[in-house]
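Just so it is clear, none of the values below were taken in a lab; they were calculated from the coordinates. All values reported here derive from a predicted model rather than from experimental measurement. Virtual Cβ from ideal backbone geometry, glycine too; neighbours counted across all protein chains shown.
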Amino acid sequence: MSAERRDALHGKRILLLQGPVGPFFRRLSHLLQAAGAEVHKVNFNGGDCLFYPSQALRWRGPMESWPYHFAALLERLRIDIVLLFGDCRPIHRAARDVAQQLGVRVGAFEEGYVRPNFITFERFGVNGNSQVPRQRDFYDALAREPGLPERDLGNTFWWAALWAVLYYTASSLAQMRFPRYQHHRPLSLREVWPWLRAGGRKLLYKWTERRALRTLTGSRSRKFFLVPLQLSSDSQVSEHSRFASVADFIRHVIASFARHAAQDLMLVIKHHPLDRGYHDYAPLIRHLAQEHRLGARLLYTHDQYLPALFDHMRGAVVINSTVGFSALTHGAPLKTLGVAVYDMEGLTFQGPLDEFWSAAAHFRPDFELLHRFRAYLIHQTQINGSFYKVDTATAATAMVSVADALGAGQRQQPAVHRPNRHAFPGNARALCVCERRARRQHQ
C-alpha cells in the first residue's frame, strides 16, 4: 500500500457494524489497526460475537432506539467512516441515514456485481443506493480500457456454508443475550432443516429435470424466455422494486407473458439455488399455468447450467439480480423490473415488459458500452477477492479501498437545517444529536 494511502488511514476512527458471515471483518480490522487506524466494532448477536469476540461493543436495545444510540456513538467516538455489509438491513439502513445526516462517510460491502471472482465496496451504498452513473453518455465519453487480469478464486461455497453454519449456531445459542435482535431469517438451530431439505430436493431435481437442459438448448433453443428468481429474503426485492415478494414478481411476469408472448414461446422460471430449502413455488406456478392456460409453455426448473441457458434463450426478465449482468455479458436481451446498477439505455430493454416479449428478437446489448461499463464498474466498485476464503489478500485489497474512500475529497458536510425526520422515525433525541453536531461543523 502506498504511503499516501497509509496517511489516509493513520489516526482515522473507523466503526464496523455487521459484516459478512465469517472472519472477514476481523481480518480487515487487524490490517486497519496495523496501518494506524483506530477501529471500533458493534455486535448485534451471537454470530457477530463469534467472529469478533473481543474489543467490541454490544447493542441489545430495541430497534426504535438504535438511531439515537448510533448517533450518540458517532458523536462520542468521533467516527470518520462506518463500514457495513448489506446496506438494506434495518440496522444498517438506519445507520446509513444517521451517518449521512452527520456528514460521516459510509463504506458498504456487498457480494460482487461481477461474479464469481469479485466483491463490492462502494461509498454511500450499494445496488439501488449505488452512486454508479447510469447514463450512457457518461460511458461513451470514457476511454476504452483493456481488461485487467483476474485472480480465479475457485469454489468458495463450502467456506461460505461453514461460516454460515457457525454463525447461525452461535446466534441461536446466544438468543437470550440478544432478545430484541431481529434477523432477516430465523436465528434458530431449526435453520439446519431447510439446508437438509435443500440437499434432498437437489437430488430429486437432478433426476426429475435431467432432460430439461438438453431440450432447452436443443429443440427449444431461442424459443424460451428465462426468469431467474432471487432469494425470497433478498432485500433488493423489497427495497428496490415495486414487488412485495418474489411470488408477486412471478404473478406479474406470467400474466404479461400469457397476454403478449407468441404462442410458440416458453417461459422458464428458474429457482434460486440458495432458496431451494426455504420455498417451493411449484403450487403457485401450477395454479398460474392453469389460470392463464399456458400448459407446457410454462416450465419451473431448478439446477440448470445458467451460461448454457443464456446462450440459447430469447431473453431474460429479472428484478435486479446480478444474474442479469451475467446475461448481458452473453449478449442476451434483458428486461429489469427493479432498480439495478446495469439498467441503462443501450444495455437493457427500456420499454415496458409487455413489449419485451416481441422486441427481444431484435434487441441486443451494445458490447462496446458493456465493455466500458464493466471496466468502470470493476475499477470503481469491485475487489478481486472473496469474503469467505481463508486468506488475507481480500482484506488487504479492501483496506486500500477504505483508504481511498477516506482520502476522496472533503468530508461530507450536512446541512444546518433540521435533519430529515423520516430518517429517524419517532426518535427526537437522535435529531437533537444530529443538529448539535451539524452546527458545530459549520462554526
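Kindly provide the helix-only [θ] at 222 nm of the chain, computed as the sum of -39,500 (n - 2.57) over DSSP H runs of four or more divided by all residues, to the nearest 500 deg cm²/dmol?
-13000 deg cm²/dmol
For the charge dipole of region 201-377, defined by +1 on Lys and Arg C-beta atoms and -1 on Asp and Glu C-beta atoms about the Cα centroid, which residue among LEU299, LEU229, GLY338 has the Cα displaced farthest towards the positive pole?
With unit charges placed on the Cβ atoms, the residue in question is LEU299.
Work out the FRET efficiency for ALA262 and ALA308 from their Cβ-Cβ distance, taking R0 = 25 Å, and round it to the nearest 0.05.
Details: r = 23 Å, r/R0 = 0.92.
So, using R0 = 25 Å, E works out to roughly 0.65.
So, in nm, how far is label LEU77 from label GLU4 when the simple model puts each one 7 Å beyond its Cα toward the Cβ?
So the two model labels end up 2.9 nm from each other.
Highest mean first, what order results for 243-254, 97-108, 285-296 on Cβ atoms within 10 Å?
97-108, 243-254, 285-296
Which percent of Cα-Cα pairs in the chain sits in each 20 Å bin, short to long?
23, 54, 22, 1
I want to check the label-to-label distance for GLU368 and SER65. Put each point 7 Å from Cα in the C-beta direction and report it in nm to one decimal.
6.0 nm
What number comes out for the charge environment of HIS302, summing +1 per Lys or Arg and -1 per Asp or Glu over other residues with Cβ under 14 Å away?
Residues close to HIS302 contribute a combined charge of +4.
Given a Förster distance of 45 angstrom, what is the FRET efficiency for ARG177 paired with ARG197, based on the Cβ-Cβ distance and rounded to 0.05?
Numbers: r = 29 Å, r/R0 = 0.64.
Efficiency, from the Cβ-Cβ distance: 0.95.
For every other residue with a beta carbon closer than 13 angstrom to the beta carbon of LEU204, add +1 if it is Lys or Arg and -1 if Asp or Glu, then tell me the sum.
Charge balance in the 13 Å sphere: +3.
So if each residue of separation counts as 0.36 nm, and I subtract the Cα-Cα distance between GLU209 and HIS30, what length gain in nm does that give?
Details: separation 179, 0.36 × 179 = 64.44 nm, distance 4.73 nm.
Full extension from GLU209 to HIS30 adds 59.7 nm.
Can you pull the Kirkwood radius for region 201-377, inverse mean 1/r over Cα pairs, to one decimal in Å?
The Cα-based Kirkwood calculation yields 16.4 Å.
How long is the gain from THR217 to ARG115 if the chain were fully straight, where each residue apart is worth 0.36 nm and the alpha carbon distance is subtracted?
Details: separation 102, 0.36 × 102 = 36.72 nm, distance 2.31 nm.
Length difference between fully extended and current span is 34.4 nm.
Report, to one decimal in Å, the Kirkwood hydrodynamic radius for region 164-225 based on all distinct Cα pairs. Working shown, then result.
Values: mean 1/r = 0.0672 Å⁻¹.
Mean inverse Cα-Cα distance, inverted, gives 14.9 Å.
Mind listing the Cα extents of region 95-202 along all three principal axes, in Å, largest one first?
For region 95-202, the Cα extents along the three principal axes come out at 54, 41, 22 Å.
Cα-based Rg (one decimal) and Dmax (whole number) for region 1-137, in Å?
My reading of the Cα-based Rg and Dmax gives 15.1, 49 Å.
As a test, work out the antiparallel percent of DSSP beta bridges whose residues both lie in the chain, rounded to the nearest 5.
On the way: 9 of 38 bridges.
Of those bridges, close to 25 percent are antiparallel.
On the principal axes of its Cα set, how long, how wide and how thick is region 1-81? Give whole Å, largest value first.
Over region 1-81, Cα extents along the principal axes are 43, 28, 17 Å.
Restricting to region 201-377, compute how many DSSP beta bridges are antiparallel as a %, nearest 5.
Taking every DSSP beta bridge with both residues in region 201-377, the antiparallel ones total about 5 percent.
So, by mean Cβ neighbours within 10 angstrom, what's the order for 38-51, 166-179 with the highest one leading?
For the peptides 38-51, 166-179, the packing ranking is 38-51, 166-179.
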